[in-house]
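Here the structure is laid out as structure tokens; the discussion comes afterwards.
The values are calculated or read from the model by the stated rules, or taken from the named source; none is laboratory data. What you see is a predicted model; the values in this text were computed from it and never measured. As a convention, Cβ positions derive from the backbone with ideal geometry for all residues, glycine included, and neighbour counts pool all protein chains shown.
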Number of protein chains: 2
Amino acid sequence: MHVDYNEALAACEANYVPLSPLSFLRRTGKVFGHRTSLIQDDRRYTWAETHERCRRFAAALQGLGIGKGDTVAALLPNIIAMYEAHFAVPMLGAVLNGINIRLDAAAIAFILDHSESRVLLVDPEFAAVAKEAVSLMKGDAPTLITVVDEAAGFTERLGELEYEAFIAAAEPLSDIPLPDNEWDAIALGYTSGTTGNPKGVVTHHRGAYLNAVSNTMAWSLPASVTYLWTLPMFHCNGWCFPWTVAALGGTNVCLRRVDAQVIADLIREHGVTHFCGAPIVHSMISELPKETFEGLGRVVKGLVAGAPPPASVFERMRALGFEVTHVYGLTEVYGPAVVCTPQQEWADKPAAEQIELAGRQGVNYPLEEDVVVMDPDTMTEVPHDGETIGEVMFRGNIVMKGYLKNPEATTEAFKDGWFHSGDLAVVYPDGYLKIRDRSKDVIISGGENIASLEVEEALQAHPEVLVSAVVAMKHEKWGEVPAAYVQLRPGSRLEAAELKEFCKAHLPGFKVPKKFVIGPIPTTSTGKIQKFKLREKVID
Amino acid sequence: MHVDYNEALAACEANYVPLSPLSFLRRTGKVFGHRTSLIQDDRRYTWAETHERCRRFAAALQGLGIGKGDTVAALLPNIIAMYEAHFAVPMLGAVLNGINIRLDAAAIAFILDHSESRVLLVDPEFAAVAKEAVSLMKGDAPTLITVVDEAAGFTERLGELEYEAFIAAAEPLSDIPLPDNEWDAIALGYTSGTTGNPKGVVTHHRGAYLNAVSNTMAWSLPASVTYLWTLPMFHCNGWCFPWTVAALGGTNVCLRRVDAQVIADLIREHGVTHFCGAPIVHSMISELPKETFEGLGRVVKGLVAGAPPPASVFERMRALGFEVTHVYGLTEVYGPAVVCTPQQEWADKPAAEQIELAGRQGVNYPLEEDVVVMDPDTMTEVPHDGETIGEVMFRGNIVMKGYLKNPEATTEAFKDGWFHSGDLAVVYPDGYLKIRDRSKDVIISGGENIASLEVEEALQAHPEVLVSAVVAMKHEKWGEVPAAYVQLRPGSRLEAAELKEFCKAHLPGFKVPKKFVIGPIPTTSTGKIQKFKLREKVID
């Protein structure tokens, strides 16, 4: 006796459109066509121009045969081409693979092979590593497109194609095509996993759309946002902010390299209102002289992720006129998925308590369905006592499709209907969570994940090393740095300095341990290394 | 040779959840549980309580056998129960049918029959018309639940069930259930069609979710929003604002009846920051003495829909400390779907031009895919010249499922892949549209089209005119000529002859009304002028 609310009420072209962040560029190109979209050194574009350039870029890629399901990789800093790639690549149904510019050639080669990237956009600053990576590949090399940056002095070309000439030669697509299905892949991002090879996180148009919008709500963003790119776009697609800024018709201020004085100058010159970054970015800004931002006449708002910076950083940032909010997330949840939303009554608390409250990771992002801290064995929620540790788990539309070509890891990650983050946390009585221990092997240094196993493997490649254990050590500048415990083979007289040199030869600089302790490593009766004991020790 | 980005990457419980505004209540009940959700006279609830009451209400309805596809009707003003119905009813997969409280018994009987409503929530203020409507029904009478309001003095009971006792007796659902499918119906709203029977507009969870979020973006809403219910919730579900306020964890201030002094008191007492309303609501507020809002210390923001109020209203509202934005929409697009987003450079224009710019309807809402003004015969866009008239058409996820049990009307409305609004507009070179008229409100005089809105704007430029309505009047020679109904400001003694002279000075001769009727103008409860009534009258 119910009413049939579906009879003759099917979806049609008029009332159903796949959710895609490409729609934001369509609308903003029309509504805010005359506003400034992008600033990089002395270059600037309007939204009408960005709309046109992205369609041109897409057409040029189409000319190379790029289409649905093709991977387009980018080894680029936060420059205009990287921003444009976030729209041009998905227009073709292709998938954007932003590669960490700090990786070494072997890691990049692995990613290019695994992702079957057909194109690699490359900045000449990374020409050497790119060339080496391509030479190390097992599969077909991608077509290289060099993004020359005259202003920054990076002009070396790899291969024949140069970005500006490449897109200039194409006739723009007449309109912005949307995906066939909102569940189609939009991007691929490799995590620096704790064990073995990195995993390729596949995200989709629906999730990117929703997290881009969720950013506007989490931060109550105004349409007039001027966003400074202190956060790498290769990192979870810049937390979806390329699409967020497009949705609002705001202005993007590009930034090749994180430098406190450059950041200060850009904030002043371009009226920057918002930025995101790792704790290190905030620390660097907080060290600037007090007069740096005098007379600015506005509060600049920042999001900081991962391990919260020390209280002193929060205090100095506030004194400089900044308002910093703490967020937490992972590549698998499109970047920020938990936010320390301030509550009105916090304003009445003592300063120290305010900083403690604001230093927690918080609650689920507005459009992330749920985050819960659970005992992974029983899948029951931990009590909200601020003490009981459980694993952070997510559920919702802002969770990845899964890991590329890795059904086992995907199944494992989605066990019991929740995404298992591998991060451990407690929950306070007000429902705010606080990370207690990043998944036990990961060290977060300057916003970058370092897998301790990778460092341990490098150490253990030394013939005189018997066993090693690498853990996080607090560091004022980088948040955390690796510290290595090394047990040598009997009779060895190897010294820390030599071990350091050995690591430098085999690891990128930021992964080289900053402290070496040589001696026996404590293990359990079954031979497992008790890292928590080492961590306690290293803090002393 | 493409990568299969779907292989072993299917949706599962962890990464797919149907979009539904019910998720907003889930999150806000948890994150902002202690904040005030609802205020009505001296009653107030927190979000934790609202979360619990809505689950209780849903359980009580379930006890009556209400489930998926059942219609629950509400003949209620903007009171707590009406707000709660927006969550409790959809929790069961049932459909909320908000009925206009100003309709007569025959119209209500038609709606109850057509919608097959199984429950009718009724406020004793409308007991008489409700009883008559039920007696006029052809089908089974719904179960009546009376919402007694002691504070307002409405205590008469219809039937056995009283709302508070009804929900108190139920054990709350343990969690908030989401729909099986985001395309499932959430609400049914009957349009006040000017001819024939009203049509039942069916909306879905996905669209309600997206428009609720779109409201936050269109208006850059802060989490601390305190929203005054000057707009009826039975009207397009209050433009989706019940769900918007829940998404933000803001505060709802209920309002049984639109009264300027009550509105002023509530704004001051509860720290109201935002409200929506028909032009008449804004006119009424604008007539309040200047000192009413002195020392308020904040700008109160309003959205006004439909025909823009005269410039004088905008000016007086600004002087009182209000910031009014113009929106436009229809029940078929979930309320507001076009917004006159202010552009930064408008601030530098002369005041008169600013008001003219802001008096247009604008551009598509942030998450509404597209709005275009087209020639309905050729389906090509009109030139952006501010002169060529076409029909406003929408496309996107915030467009209804269709009309209930009316496949012909649905097919007609979605012809050529666009929702045909029936409203006529021009588009300016900046892409902003301005409504010229409802197609049926156009007056055809001697073969010339006269937009009634243009004549009304001319009339309302007169300082003593409060509101006007211009309709077609039969004429032997010209076929039709304009006739004007004019409501003057209190105390005005303006006469028809003076008005005619005023029109002659501002309009071409054929557009000057041939008849003036001075007196109060009948409106619907949403403030819409009922032109069909005026048309009937003018024929006499």
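Within segment A:199-217, being among the aliphatic types (A, V, I, L, M), more than 15 Å from B:Tyr16 (Cβ to Cβ) and facing chain B (nearest Cβ under 10 Å) holds for A:Val213, A:Met217. Counting only residues that are at pLDDT 90 or above, among the hydrophobic types (A, V, I, L, M, F, W, C) and in contact with a Ser or Thr (Cβ under 8 Å, 6 or more places away or on another chain), segment B:482-540 holds 2 of them. Counting only strands (runs of 3 or more DSSP E) wholly contained in segment B:33-118, the ones carrying 2 or more residues that are at pLDDT 95 or above, out of contact with any Lys or Arg (no Cβ under 6 Å at 6 or more places or on another chain) and within 14 Å of chain A (Cβ to nearest Cβ) occupy B:71-75, B:95-98. The listed residues are B:Gly271, B:Gly329, B:Gly302, B:Gly295, and the only one of them that is touching a helix residue (DSSP H, G or I) at 6+ places or on another chain (Cβ under 7 Å) and of a type outside the set (A, V, I, L, M, F, W, C) turns out to be B:Gly302. Listed conditions (1) more than 30 Å from B:Ala185 (Cα to Cα); (2) touching a residue at least 24 places away in the same chain (Cβ under 8 Å) are all met by B:Val338, apart from (1).
If we keep just the residues of segment B:140-166 that are touching a strand residue (DSSP E or B) at 6+ places or on another chain (Cβ under 9 Å) and in a helix (DSSP H, G or I), which is nearest to B:Pro124 (Cα to Cα)? Ranking the candidates gives B:Tyr163 first.
The requirement of being aromatic (Phe, Trp, Tyr), touching a residue at least 60 places away in the same chain (Cβ under 8 Å) and either touching a Ser or Thr at 6+ places or on another chain (Cβ under 9 Å) or more than 14 Å from chain B (Cβ to nearest Cβ) (or both) is not satisfied by A:Tyr227. In summary, B:Pro177 fulfils each of the numbered conditions (1) within 14 Å of chain A (Cβ to nearest Cβ); (2) touching a residue at least 60 places away in the same chain (Cβ under 8 Å); (3) farther than 19 Å from B:Pro18 by Cβ with the single exception of condition (3).
Could you say whether any residue in segment A:404-411 is without any contact (Cβ under 8 Å) to a residue 40 or more places away in the chain, out of contact with any Ser or Thr (no Cβ under 8 Å at 6 or more places or on another chain) and among the basic types (Lys, Arg)? The answer is no; no qualifying residue exists. Within segment B:342-362, the set of residues being surrounded by fewer than 22 Cβ atoms within 10 Å (Cβ to Cβ) and within 11 Å of another protein chain (Cβ to nearest Cβ) comprises B:Pro342, B:Gln343, B:Gln344, B:Glu345. For segment B:104-116, the criterion of being touching a residue at least 24 places away in the same chain (Cβ under 8 Å), aromatic (Phe, Trp, Tyr), in contact with a Pro (Cβ under 8 Å, 6 or more places away or on another chain) and closer than 20 Å to B:Asn78 by Cβ is met by none of the residues. Only one of the numbered conditions (1) more than 11 Å from chain A (Cβ to nearest Cβ); (2) aliphatic (A, V, I, L, M); (3) part of a loop (DSSP other than H, G, I, E, B) is not met by B:Ala264, and that is (3).
The conditions of being under 24 Å from B:Ala451 (Cβ atoms) and free of Cβ contacts under 8 Å to residues at least 12 places away in the same chain are met by B:Thr380. Considering segment A:374-385 alone, what residues qualify as being more than 13 Å from chain B (Cβ to nearest Cβ) and either touching a Ser or Thr at 6+ places or on another chain (Cβ under 9 Å) or not in a strand (DSSP E or B) (or both)? Passing the criteria: A:Asp375, A:Pro376, A:Asp377, A:Thr378, A:Val382, A:Pro383, A:Asp385.
Considering every residue within segment B:277-284, establish whether at least one is in a loop (DSSP other than H, G, I, E, B) and touching a Phe, Trp or Tyr at 6+ places or on another chain (Cβ under 6 Å). No, segment B:277-284 has no match at all.
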